[in-house]
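Working notes, beginning with the structure itself.
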Amino acid sequence: MIVLAIDTSNQPLSLAVVKDDEVMGELTLNIKRNHSIQAMTAVESLLATLDLSADQIERIVVAKGPGSYTGVRIGVTLAKTLAWSLKIPLVGVSSLLSLAWPGKQFDGIVSPIMNARRGRVYTGLYTFDETWMELEEDRNVSMEEWLDLLADREEAVLFCGADVDVFWEQIQARLGDRAKRVSASEEVPRMAEMAIYASELADEDVHEFVPNYIRMAEAEANWLKEQEKNNG
């Protein structure tokens with residue numbers, strides 16, 4: 001089976017094509033550009049490089065969030081459009097888990113981090129034992145509260161993702177030597193890893209599949225607050 005995997009949920013754009021759990025090709029762009037402009041072009045370029053046509057793709061895997069509201073929406077919309085038009089299965093995976101791949105060899109627990117602003121993070125807790133297992137579900141939480149939870153577990157923790165740098169001093173102050181971080185080359189998502197992992201997951205209903213934003217977009221939240229104020 002040939003699988004196309006897509007992640008536009010944060011600054012890095014990560015694409016991969018995997019055939020029968022073997023990586024055919026990967027593309028990662030870690031630059032500040034609009035994914036709505038480059039995502040489909042990048043997909044077409046990767047397929048062309050691999051001498052594949054779209055109708056040879058047999059499954060779509062997409063990072064469904066959390067992450068950038070706009071980025072998540074772009075990736076999910078692209079994945080749903082391709083799955084529907086090609087009449088092939090679609091499966092969603094956590095955008096946080098796509099950052100956790102370096103933890104496959106780590107003797108401890110893995111906490112991918114995305115900056116949610118104002119001292120908060122998108123995070124979850126995973127461990128790997130032949131496959132990924134979720135220990136704490138993905139959430140939007142204050143870093144202080146998250147570190148309290150990790151401190152109580154008394155295990156070594158590997159923090160993954162480029163946004164770890166924003167909180168590293170705070171992490172070290174709370175967890176000390178138990179806190180580890182990935183190298184700079186390991187900070188970006190790898191959708192090839194997620195394509196292989198997703199082979200174990202059930203397909204989604206393409207029409208009902210929705211992103212996992214975890215919290216509503218700030219613009220929507222502000223709009224609702226304004227409506228409540230006006231109607232109060």
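The values are calculated or read from the model by the stated rules, or taken from the named source; none is laboratory data. Fair warning: this is a prediction, and the values are worked out from it, not measured in the lab. Methodologically, a virtual Cβ is constructed for each residue, glycine included, from the backbone with ideal geometry; neighbour enumeration extends over all protein chains shown. Ligands, DNA and RNA are stripped out before the accessible areas are found, and what is left, the full protein with its side chains, is counted by its heavy atoms. Shrake-Rupley method; radii C 1.70, N 1.55, O 1.52, S 1.80 Å.
Among residues other than GLY119 whose Cβ falls under 12 Å from its Cβ, what is the net charge (Lys/Arg +1, Asp/Glu -1)?
Counting the neighbours of GLY119, the net charge comes to +1.
Using a simple spin-label model with points 7 Å from Cα along the Cα→Cβ vector, what separation in nm is obtained for GLU58 and THR131?
A separation of 1.9 nm, rounded to one decimal place.
Which ³J(HN,Hα) values, rounded to whole Hz and listed in residue order, are derived for segment 184-196 from phi using the Karplus coefficients 6.51, -1.76 and 1.60 in 6.51 cos²θ - 1.76 cosθ + 1.60 with θ = phi - 60°, glycine and proline given as x?
Result, ordered by residue: 4, 6, 9, 7, 8, x, 10, 6, 4, 4, 6, 4, 5 Hz.
From the backbone phi of segment 145-158, what are the Karplus-calculated ³J(HN,Hα) couplings (6.51 cos²θ - 1.76 cosθ + 1.60, θ = phi - 60°) in whole Hz, Gly and Pro given as x?
Whole-Hz 3J(HN,Hα) from phi for segment 145-158: 5, 5, 5, 4, 5, 5, 4, 5, 7, 6, 10, 5, 10, 9.
Mind giving me the nanometre distance, one decimal, between the label points for GLU155 and THR41, set 7 Å out from Cα along Cα→Cβ?
Going by the 7 Å Cα→Cβ label model, 4.3 nm.
Which whole-number percent gives the relative contact order of segment 11-59, counting Cα pairs below 8 Å spaced six or more residues apart?
Computed over segment 11-59, the figure is 30 percent.
Sequence gap at least 6, Cα distance under 8 Å: using those rules, report the relative contact order of segment 32-173 to the nearest whole percent.
The normalised contact order for segment 32-173 reaches 19 percent.
Using a 1.4 angstrom probe, figure out how much accessible area the chain has per residue, in square angstrom, rounded to the nearest whole.
51
First check a/c for segment 140-202, with a ≥ b ≥ c the square roots of the eigenvalues of its C-alpha gyration tensor; if it is under 1.5, answer rounded, and if not, answer prolate when a/b is larger than b/c or oblate otherwise.
Taking the square roots of the gyration eigenvalues as a ≥ b ≥ c, segment 140-202 is prolate.
Under 5 Å between amide hydrogens, which residues at least 5 positions from ARG120 or on another chain qualify, with H placed 1.01 Å from N in the peptide plane?
It is MET143, by chain and number.
Please state the equivalent ellipsoid semi-axes for the chain: what are the square roots of 5 times the Cα gyration tensor eigenvalues, largest first, in whole Å?
With the √(5λ) rule applied to the chain, the semi-axes are 29, 24, 15 Å.
For segment 15-104, what's the relative contact order in percent, using C-alpha pairs closer than 8 Å and at least 6 residues apart?
24 percent.
Under a Cβ-only charge scheme (Lys and Arg +1, Asp and Glu -1), can you give me the dipole magnitude of segment 26-73 about the Cα centre, in debye to the nearest 20?
That gives segment 26-73 a dipole magnitude of about 420 debye.
Could you state the number of Å between the C-alpha centres of segment 112-187 and segment 57-102?
23
Rounded to the nearest 0.05, what FRET efficiency is calculated for THR81 and ASN140 with R0 set to 30 Å and r the Cβ-Cβ distance?
0.65
Any idea what the alpha-carbon Rg over 2.2 N^0.38 Å comes to for segment 11-99?
With N residues counted in segment 11-99, Rg over 2.2 N^0.38 Å equals 1.03.
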